[in-house]
Amino acid sequence: MNLLQKLFGIGDDPPPRAADASTRSVQKLVDALDHLPVETARYVAAFAYVLGRVAHADDDVSDAEARKMQEIVHRLAHLPDEQAALVVDIARNQTRLFGSTEDFLVTREFTKISDQSQRLELLDCLFAVSAADDAISNVEESAIRQIADELGFSHREYVAARSGWNDKRDVLKDLPGS
């Protein structure tokens with residue numbers, strides 16, 4: 001499979017997977033991580049996709065958000081910078097192309113293959129990506145809240161995770177005395 005096929009899904013699709021198959025977006029990312037054990041690749045792929053989902057929430061992935069995503073994927077999977085950049089590019093494109101149909105499916109898959117501490121790590125990374133350009137917009141915050149619900153977090157858990165990012169939240173920057 002060449003780079004264009006991996007990034008944009010151009011050409012023949014890979015053969016269908018088993019019944020517990022990943023979504024199309026996760027599978028494209030897993031293919032880019034073919035040197036990792038399959039379960040690790042699925043985890044990193046789903047994690048990266050959900051990061052891309054938040055970065056793309058306002059219909060624009062800034063350079064700062066892309067760099068933060070790359071930094072997180074590099075750290076998470078111990079990938080070389082070039083490969084982390086490729087994973088982020090694929091995640092961004094898959095989110096842009098298939099987000100309306102795959103967002104919930106990928107998040108549900110991540111929930112199945114992760115534990116509570118890994119989901120908390122993802123939640124914090126979602127805030128980090130959205131704050132990469134020094135502001136968490138209302139639309140990004142709303143997307144994170146939706147993802148937190150899909151990950152099974154209570155409102156109290158979400159608020160606790162969000163509190164560490166209050167200085168970046170647009171909704172609080174406009175308050176008197178801010």
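Computed quantities for the displayed model
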item: First in the stretch 104-126 and over 18 Å from residue 164 (Cα atoms), second anywhere and open to solvent by 70 Å² or more (accessible area, probe 1.4 Å) and modelled with pLDDT under 95, Cβ under 8 Å, 6 or more apart; result: 113/39
item: Residue selected from the stretch 22-39 under the condition without any contact (Cβ under 8 Å) to a residue 60 or more places away in the chain and within 19 Å of residue 101 (Cα to Cα), by the criterion surrounded by the fewest Cβ atoms within 10 Å (Cβ to Cβ); result: 27
item: Yes/no for residue 102 being more than 30 Å from residue 37 (Cβ to Cβ), of a type outside the set (Val, Ile, Thr) and open to solvent by less than 60 Å² (accessible area, probe 1.4 Å); result: no
item: Criterion: among the polar types (S, T, N, Q), surrounded by fewer than 22 Cβ atoms within 10 Å (Cβ to Cβ) and in contact with an Asp or Glu (Cβ under 6 Å, 6 or more places away or on another chain) - qualifying residue of 130, 137, 142; result: 137
item: Any hit, the stretch 73-92, residues being farther than 22 Å from residue 36 by Cβ and of a type outside the set (A, V, I, L, M); result: no
item: Single match in 103, 149 (criterion: under 24 Å from residue 64 (Cβ atoms) and not basic (Lys, Arg)); result: 103
item: Extreme residue, farthest from residue 147 (Cα to Cα), among residues of the stretch 48-78 that are free of Cβ contacts under 8 Å to residues at least 24 places away in the same chain and in contact with a helix residue (DSSP H, G or I) (Cβ under 7 Å, 6 or more places away or on another chain); result: 74
item: For residue 173: the one exception among (1) basic (Lys, Arg); (2) within 26 Å of residue 94 (Cα to Cα); (3) open to solvent by 70 Å² or more (accessible area, probe 1.4 Å); result: (2)
item: Wholly within the stretch 127-178, helices (runs of 4 or more DSSP H) carrying at least 1 residues that are charged (D, E, K, R) and more than 18 Å from residue 50 (Cα to Cα); result: 155-163, 170-173
item: Residue in the stretch 138-149 that is within 21 Å of residue 76 (Cα to Cα) and touching a Lys or Arg at 6+ places or on another chain (Cβ under 6 Å) present; result: no
item: Qualifying positions in the stretch 40-95 - touching a Gly at 6+ places or on another chain (Cβ under 8 Å), open to solvent by less than 60 Å² (accessible area, probe 1.4 Å) and part of a helix (DSSP H, G or I); result: 53, 69, 88, 91, 94, 95
item: Any hit, the stretch 150-160, residues being among the basic types (Lys, Arg), at pLDDT 95 or above, out of contact with any helix residue (DSSP H, G or I) (no Cβ under 7 Å at 6 or more places or on another chain) and open to solvent by 20 Å² or more (accessible area, probe 1.4 Å); result: yes
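The values are calculated or read from the model by the stated rules, or taken from the named source; none is laboratory data. Worth saying up front: this structure is predicted, and the values here are computed from it rather than measured. So basically every Cβ, Gly included, is an ideal-geometry build from the backbone, and we count neighbours across all protein chains shown. Just so you know, the surface numbers come from the protein's heavy atoms only, side chains and all, with ligands and any DNA or RNA stripped out. Shrake-Rupley method; radii C 1.70, N 1.55, O 1.52, S 1.80 Å.
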